[in-house]
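The values are calculated or read from the model by the stated rules, or taken from the named source; none is laboratory data. The structure presented is a predicted model; accordingly, all values stated were derived computationally and were not measured. Counting neighbours? That spans all protein chains shown, and the Cβs are built from the backbone with ideal geometry, glycine included. Each accessible area value is taken on the protein alone, full model and side chains, heavy atoms only, with ligands, DNA and RNA left out. Shrake-Rupley method; radii C 1.70, N 1.55, O 1.52, S 1.80 Å.
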Amino acid sequence: MGLLDKLTVWLGLKKKEVNVLCLGLDNSGKTTIINQLKPSNQSLFGPLSDDWKHISQTQTQDIVPTIGFNIEKFKSSSLSFTVFDMSGQSRYRNLWEHYYKESHAIIFVIDSGDKLRMVVAKEELDTLLNHQDIRSRRMPVLFFANKSDLRESMSSVKVSQLLCLENIKDKPWHICSSDAVKGDGLQEGVDWLQGTILCVCVCVRTSPQGHLIFGLAVKLTVEVSI
Amino acid sequence: MIKKFDKKDEESGSGSNPFQHLEKSAVLQEARIFNETPINPRRCLHILTKIIYLLNQGEHFGTTEATEAFFAMTRLFQSNDQTLRRMCYLTIKEMANISEDVIIVTSSLTKDMTGKEDVYRGPAIRALCRITDTTMLQAIERYMKQAIVDKVPSVSSSALVSSLHMVRMSYDVVKRWVNEAQEAASSDNIMVQYHALGLLYHLRKNDRLAVSKMLNKFTKSGLKSPFAYCMLIRIASKLLEETEGGHDSPLFDFIESCLRNKHEMVVYEAASAIVHMPNCTARELAPAVSVLQLFCSSPKAALRYAAVRTLNKVAMKHPSAVTACNLDLENLITDSNRSIATLAITTLLKTGSESSVDRLMKQISSFVSEISDEFKVVVVQAISALCQKYPRKHSVMMNFLSNMLRDDVSCGGFEYKRAIVDCIISIIEENPDSKETGLAHLCEFIEDCEHTVLATKILHLLGKEGPRTPSPSKYIRFIFNRVVLESEAVRAAAVSALAKFGAQNDDLLPSVLVLMQRCMMDSDDEVRDRATFYMNVLQQKQKALNAAYVFNGLSVSVPGLEKSLHQYTLEPTEKPFDMKSVPLANTPITEQKTEFAPVATSKLPEKPGPTRQDIYQEQLAGIPEFQGLGPLFKSSEAVQLTEAETEYVVRCVKHTFARHMVFQFDCTNTLNDQLLQKVMVQMEPSEAYDVLHYVPAANLPYSQPGSCYSLVSLPEDDPTAVSCTFSCTLKYLVKDCDPNTGEPDDDGYDDEYVLEDLEVTVADHIQKVLKPNFAAAWDEVGDDFEKEETFALASVRTLEEAVGNIISFLGMQPCERSDKVPENKNSHILFLAGVFRGGHDVLVRSRLALADGVTMQVTVRSSDKTVVDIILASVG
């Protein structure tokens, strides 16, 4: 990993693009999280370049319920993320599956203050993980136990118990509690995601069968051979 | 990829459409590259183009494949390529109705429409409004309101136009945007102002008061946009027409003031509006015409064309007003633009005097071969109008028309040929002097005519008119040539025409029979059948047979006959098929052609579909109470039983059956806060008619017409009681309801509403039947039951009035064009034909004489005695 990290930093200008799906029930805070992750008007990583201009990169003030989906982009230190921020309302959840195939990682957001609908969240999660496009892939899943600022909110441990996350054996996953309004805990999650995505690629590259499991790996290996 | 494509295209050697041989499945396969990261905008763009091309070619996309392609396309939103994004908008709009779950892009579009990139905002709004349904509209309402008043013109215009489209879908929501639209209407941008005005008008168009208020406001404040002005003029003239407002109203003043606007567009619109207004006086027309006159000398061809075209239309209504422009029009005859020249000439033909006709005709013939078919038709129409105006000039016109027919044997389309033939036929019918020349020209034309429809039409006319000319034998050669040379349909028509000559002219009969024998060896079934049939009829040499089977064909409705025969074959009986059980055809109402538009009627597409009566028959057959009434004999025109603008509008259609009548009441509820239930019309007859049954309309919501029915039996014992008056009352259960949602209250109350009386007259018992040869039919019925009586019509002053009254009173079909009274004559004979309820033929000959009121001698013949009595009794 160290090598690859250095390599990408050395390549510097061009960051690898990954597609991430942002899922979860309605009112769990998906759009708010993505909005927080976007650069504020002045980017951390220097001023916005030209090709970022069109898609509204900067944070917006008012968050409204998403209908359908939004596409957002943000960058971490070594990756550039394209996030499909899906609508969580029940009538649109069946549309998620259209985007499973081409994504490289999943961010699953849970409202940790909403005990009542935790079962619903679990059900949606199980359906998601058993979907044919997801089941066989080693795809990193990042959980945000959001709204940690609420007084009645549960800890991330409690949430992971309720969702039986320990049963996920074949995918790297991580849960962290977050407060999307203030931005607490988000960076931790994104750092894990970036690390895992890069790691998965390395694993694939060094796997004995030499099979390239998904597109990202293809690109990275090409990149490395350069 | 694109390069490769181009190369392939070059190889195929044609610079033509590169998308010509697209395969849907291949394109959809290619669409998978949308899923790749990173996106290649150029390739994606090309594939989207292909998809849209296929959609526009009418290629059918299944829901699954369309949805799959659509969702793949949604991924392209991550690209920042401007062209690609706008192509996505187009694709969304195209696929909005064929793909599922298109609302998935709602948020993405909302983001684009509120974003910073102006290029995206307008198209995003338009795409968003295509995918939005009523339930989702609330969610985007806020954005729409903002967009309407946006300071970027394209955004504002897009929002306004999209709102206009959505008015149809959810009027109530869009209505809440009126204030924003109002603000947009004061915009400085000409398009925004125009679109805002359009939206405002469509939101209010059902409310006349609001429209006139709006007009008032804008006419006072004035507008910047010439488009908006044109729109205002149209709204104003529509309102004027609806309110039948006098020409002293402020609206008319406004339109007239627009004649002095600085934009030509507005000036023309105003002039055209004034010209098209009904009952406009010459004084009011004058300024409009003078404006058009100015345009005639404009350097812009479009303006000249518009002016001369409008003048051409005015010339039909007010020839005198256009006379002032004659000089300008004369100049336009030599215009380099042939369309303008043609219109100028035809206008002059309409306005010019008899003396100038020859000169103008010469002028036209000099370039008639250079103009397009469409304008040739216009010329022919003008000539046709001219013939009616100056019957004495018919020889010049006829020569000209036949030259046109002859010169363009090879070129010239069907429409054009048909216009000429129709024109010649109408001249022949209007003007007996021209009959022989006209028929001769037509004979010559069919010698070399490639249009089957025209050939059969002319042959039919020859069969009808030819035998009555002084020398019928000369037409036989032309007709028989057709039997030898033409296609099946024409041969069959020729045989029928021949038979008519044989039936009418005894001295020609032997030769016709010989020709028939020759036709019986034809290779086509239909031709042989006809020949054999006519041969046998003619050999009998009986007038009655000739009349029934040669001159006057079947008068039943063809779909009705088909249905009856089908019914007959389903239930095998010993009884022979009864022709009288077949509903009669509604004779197409041969209107008295208006003076200046004789060929216009022929331009209507001929509809072979079911007639109005067949539709009624179908509807009534669906109601169980009306089973077993037999075939529908006649349906009357709808009678209004209420004033036009009352709470409830009721119209009645009288359906006559053999022994019953069914009254169909079409009711409309115009109160939006009421729901009517169990609606029926109670009828109180004045005579021995029995009301057997009422079929109520279960529900009558606001503005949705519903029908209720009453079944009445006709008095059996007194067949002469054909007229009756019914007093009618509308009875119903009222439930108040919310005007917005239409949700009714639970309980209602009974109420009633008095309607006007309904009359049943003798005309309701008689169906019109056209007998092409009245004399033959007259002989066929015979004088077994003939009665004659003389009446004095004291209140009638002219023969035309008397003829009109008799026709409308008896409801019978005038034959032999006897409904037209020649001018300056003191006597006239009117021939009427019809079928009485029960299937008895009725013929009426009525001799009219004018002297201090009109004296009328009526002779009635029928196959049944009672019918004769009924008719005479009702006349007296």
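Quick notes on this one:
- Based on the convex hull around the alpha carbon atoms, the range B:390-551 presents an average projected area of 9.3 nm².
- Partner lysines whose Cα lies under 16 Å from the Cα of residue B:735, excluding those fewer than 8 positions away in the same chain, are identified as B:678.
- C-alpha center-to-center spacing [the range B:657-674, the range B:256-330] in angstrom: 46 Å
- Kirkwood hydrodynamic radius (C-alpha pairs) into Stokes-Einstein, the range B:185-286, 37 °C and 0.692 mPa s, D in µm²/s: 240 µm²/s
- The mean of 1/r over all pairs of different alpha-carbon atoms in the range B:612-760, once inverted, gives a Kirkwood hydrodynamic radius of 16.1 Å.
- Taking every C-alpha pair closer than 8 Å and separated by at least 6 residues, the mean separation divided by the residue count of chain B gives a relative contact order of 5 percent.
- Rounded tilt (10° steps) of B:509-519 against the dominant C-alpha axis of chain B: 40 degrees
- Distance distribution note for the protein assembly as shown: the fraction of Cα pairs above 41 angstrom is 65%.
- Contact-buried residues of the range B:46-89, at a threshold of 40 Å² lost accessible area versus the chain by itself: B:71, B:75, B:78, B:80 (1.4 Å probe; DNA, RNA and ligands ignored).
- Cut-off under 5 Å, modelled amide H: who pairs with residue A:75 long-range: A:81
- Cα-based reach from residue B:362 at 22 Å (exclusive), listing lysines while leaving out same-chain residues under 8 positions away: B:350, B:376, B:389, B:393, B:417
- Relative contact order [Cα under 8 Å, 6+ residues apart], the range B:384-456, whole percent: 35 percent
- Using bins of 10 Å that start at zero, the share of Cα-Cα pairs per bin across the range A:68-141 amounts to 16, 49, 31, 4, in whole %.
- When the listed pairs B:151/B:175; A:75/A:115; A:73/A:147; B:435/B:457 are checked against a 25 Å cut-off, the alpha-carbon distance exceeds it for A:75/A:115.
- Its relative contact order, with pairs defined as Cα atoms under 8 Å and 6+ residues apart, puts the range B:765-875 at 35 percent.
- Principal axes of the range B:416-459: Cα extent on each, largest first, Å: 29, 17, 14
- Amide H contacts for residue B:721 (H built 1.01 Å from N in the peptide plane; partners 5 or more residues away or on another chain; cut-off under 5 Å): none found.
- Apportionment of accessible area to carbon and sulfur, chain B, percent (1.4 Å): 51 percent
- Here the alpha carbons of chain B define both size measures, Rg and Dmax, at 33.8, 98 Å.
- For the range A:81-93, Karplus couplings with θ = phi - 60° (6.51, -1.76, 1.60), whole Hz, Gly/Pro x: 9, 10, 9, 8, 8, 7, 6, x, 5, 4, 6, 9, 5
- Per-residue shielding of A:68-75, expressed as the average number of other chain Cβ atoms within 10 Å of the residue Cβ, stands at 5.
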